[in-house]
Amino acid sequence: QVQLVESGGGLVQAGGSLRLSCAASGRTFGNYVMGWFRQAPGKEREFVAAISRSGRSTNYADSVKGRFTISRDNAKNTVYLQVNSLKPEDTAVYYCATGERVTIVTPPTEYDYWGQGTQVTVSS
């Protein structure tokens, strides 16, 4: 089992920035691809970004490319999501997740472990 705890969400104005963190425990963190997803009210959970075990490879949803950056620190068992130039449509609960057999292009249905989420609200 892998336990995941997100933090860093909040209320920001459009154009603002946040850094989301996800602390992992329970297994060897460096063995797992990590992903960030989000879910807005009334919408399905959607992929945001993913990062390989080493951190050398990343993948982003088109809607966040150039604005969001995923990174990881394997020594701290933590994955980050730097979110810049926020828009009202970025408002959602943001989740980190991982799985036993996921890659950086795996859809959310294949992920095994999820955090509780952190709320990001962007005001216009």
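The values are calculated or read from the model by the stated rules, or taken from the named source; none is laboratory data. Here the structure is a predicted model, which means the values were calculated and not measured. Positions of Cβ are generated from backbone atoms using ideal geometry, with glycine treated the same way; all protein chains shown enter the neighbour counts. We work out accessible area using only protein heavy atoms, side chains counted, and drop any ligands, DNA or RNA first. Shrake-Rupley method; radii C 1.70, N 1.55, O 1.52, S 1.80 Å.
If the condition is being in contact (Cβ under 8 Å) with a residue 60 or more places away in the chain and either in a strand (DSSP E or B) or of a type in the set (S, T, Y) (or both), then the range 94-113 contributes Y94, Y95, C96, A97, T98, T103, T106, Y111, Y113.
Checking F29, F47 one by one, the residue that is within 26 Å of S124 (Cβ to Cβ) and aromatic (F, W, Y) is F47 and no other.
Residues in the range 99-109 that are open to solvent by less than 10 Å² (accessible area, probe 1.4 Å) and β-branched (V, I, T): how many?
Qualifying residue count, the range 99-109: 1.
Taking the residues in the range 40-98 that are open to solvent by 60 Å² or more (accessible area, probe 1.4 Å), out of contact with any helix residue (DSSP H, G or I) (no Cβ under 8 Å at 6 or more places or on another chain) and among the basic types (K, R) as candidates, determine which candidate is farthest from Y113 (Cα to Cα). Ranking the qualifying residues of the range 40-98, first place goes to K87. Is it fair to say T121 is at pLDDT 95 or above, open to solvent by 60 Å² or more (accessible area, probe 1.4 Å) and not in a loop (DSSP other than H, G, I, E, B)? So T121 fails the test.
Among the residues making up the range 69-82, those that are touching a residue at least 24 places away in the same chain (Cβ under 8 Å) and within 13 Å of the chain's Cα centre (by Cα) are I70, R72, T78, V79, Y80, L81, Q82. Of the listed requirements (1) over 20 Å from Y111 (Cα atoms); (2) among the β-branched types (V, I, T); (3) touching a residue at least 40 places away in the same chain (Cβ under 8 Å), I51 misses just one: (1). Counting just the residues of the range 24-39 that are open to solvent by 50 Å² or more (accessible area, probe 1.4 Å) and not in a loop (DSSP other than H, G, I, E, B), which one comes out nearest to G99 (Cα to Cα)? Among them, the one singled out is N31.
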